[in-house]
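Q: Here you go, one structure.
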Amino acid sequence: GNDLRTSIDITFEEAAFGAEKVVNVSKAVRCETCEGSGAKPGTQPQPCSECGGRGEVSYQQGFFAITRPCPRCNGSGQVITSPCSACGGSGQTRKRSQIAVKIPPGVDTGQRLKLAGEGEAGERGGPSGDLYVVINILPHEFFTRDEFDVICEVPITFVQAVLGAEIDVPTLEGKVKMKIPGGTQSHKIFRLKSKGLAKLGSYGRGDQLVRVIVEVPTKVSSEQKDVLKQFEAMNTKASNPMHHNFFEKLKNFFG
């Protein structure tokens, strides 16, 4: 029978830990009335008179003997003289089926799962095709992925970046505490070992990469402005080495 293809949406967590899902598929199934034979109940397919039941015919073309499928029985070697009224002799009827799909941990968008024998039934009792289920992972509020690593961006305040802090970080298993050292720069990445996705077809898990984003205040009061100006006035080369080094190089470059 013919192979079929369908797609399924799953959550990020289902991709991480695996899941049992169900897909609805419209497909050709074996006719229950004739049990897939295509013949009216109480009758049997008969040997094809043109090919003698061999399913192929031969003819001479010059010095060569050519063999091809029999045009009368389409290569089956049998003809149905009394076709089944339910399927018209094809041995198939259409049905909408619910099929269970086991999602393995670690799958990614675009990957295909093969369900052997869950495709369309073969004609007149022939073997069924396969069903291919294409995975689509829905966007997550916090997480993206890079292969088996989970990536999460967490905003921190300017003060937390300067002084250090302990912050809450979402993971696939829930919130965890993570320490931010003083002097942390924006976009610095921290690694949480074995907090990523299961490695499909292998052992272990990936990591979670936490990228901290230093949020610069967009609205400040007069008092806050005064404090920041005092802070800026007390800045030294040691406290902002990148800033001072850049403008020192810029000054030397242009003379």
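The values are calculated or read from the model by the stated rules, or taken from the named source; none is laboratory data. None of the values given here were measured: they were computed from a predicted structure. Note that each Cβ is placed from the backbone with ideal geometry, even for glycine, and that neighbours are counted across all protein chains shown.
Q: Within the set of pairs 6 or more residues apart or between chains, which connect a residue that is at pLDDT below 95 inside the range 122-134 to a residue that is surrounded by fewer than 16 Cβ atoms within 10 Å (Cβ to Cβ) and of a type in the set (S, T, N, Q) with Cβ atoms less than 8 Å apart?
A: Filtered contacts from the range 122-134: G129/N2.
Q: Oh, and also: Restricting attention to the range 22-32, and to residues there that are surrounded by fewer than 16 Cβ atoms within 10 Å (Cβ to Cβ) and at pLDDT 90 or above, which single residue is farthest from N74 (Cα to Cα)?
A: Top of the filtered list is V22.
Q: Quick one: which of G183, G77 is over 24 Å from the mean Cα position of the chain (by Cα) and either within 21 Å of N2 (Cβ to Cβ) or at pLDDT 90 or above (or both)?
A: None of the others qualify; the one that does is G183.
Q: Anything in the range 81-118 that is buried (at least 18 other Cβ atoms within 10 Å of the Cβ) and of a type in the set (A, V, I, L, M, F, W, C)? List them, or say none.
A: C84, C87, V101, I103, V107, L115
Q: Go through the range 105-143 and count every residue that is part of a strand (DSSP E or B) and of a type in the set (A, V, I, L, M, F, W, C).
A: Start the filter on the range 105-143 by keeping residues that are part of a strand (DSSP E or B), which leaves 112-115, 131-137, 143.
Now drop any that are not of a type in the set (A, V, I, L, M, F, W, C), which leaves 113, 115, 131, 133-135, 137, 143.
Number satisfying all stated conditions: 8.
Q: Also, quick follow-up: Residues that are acidic (D, E), in the same structural domain as G122 (by TED's automatic domain parsing) and surrounded by 13 or more Cβ atoms within 10 Å (Cβ to Cβ): does the range 33-51 have at least one?
A: Yes; the residues of the range 33-51 include at least one that is acidic (D, E), in the same structural domain as G122 (by TED's automatic domain parsing) and surrounded by 13 or more Cβ atoms within 10 Å (Cβ to Cβ).
Q: Any idea which of (1) in a strand (DSSP E or B); (2) over 45 Å from the mean Cα position of the chain (by Cα) is the one V23 doesn't satisfy?
A: V23 satisfies every listed condition except (2).
Q: Scan the range 226-253 and report the pairs whose first residue is more than 23 Å from T184 (Cβ to Cβ) and whose second residue is outside any loop (DSSP other than H, G, I, E, B), with Cβ atoms within less than 9 Å and a gap of 6+ or a chain change.
A: Close Cβ pairs satisfying both conditions: none exist.
Q: In the range 55-80, what residues are buried (at least 17 other Cβ atoms within 10 Å of the Cβ) and among the aliphatic types (A, V, I, L, M)?
A: Passing the criteria: V57, V79, I80.
Q: For K177, all conditions in the list (1) among the basic types (K, R); (2) closer than 22 Å to P105 by Cβ; (3) more than 20 Å from the chain's Cα centre (by Cα) hold save one; what is the number of the exception?
A: (2)
Q: Same structure again: Tally time: how many residues in the range 137-174 are of a type outside the set (V, I, T), surrounded by 13 or more Cβ atoms within 10 Å (Cβ to Cβ) and under 26 Å from P105 (Cα atoms)?
A: Result for the range 137-174: 10.
Q: Can I ask one more? State which residue is nearest to G125 (Cα to Cα) when the search covers only the range 38-85 and only residues that are hydrophobic (A, V, I, L, M, F, W, C) and assigned to a strand (DSSP E or B).
A: A39
Q: Given the structure, is K102 part of a strand (DSSP E or B), basic (K, R) and within 23 Å of R205 (Cβ to Cβ)? First the steps, then the outcome.
A: Details: part of a strand (DSSP E or B): yes; basic (K, R): yes; within 23 Å of R205 (Cβ to Cβ): yes.
Yes, satisfied.
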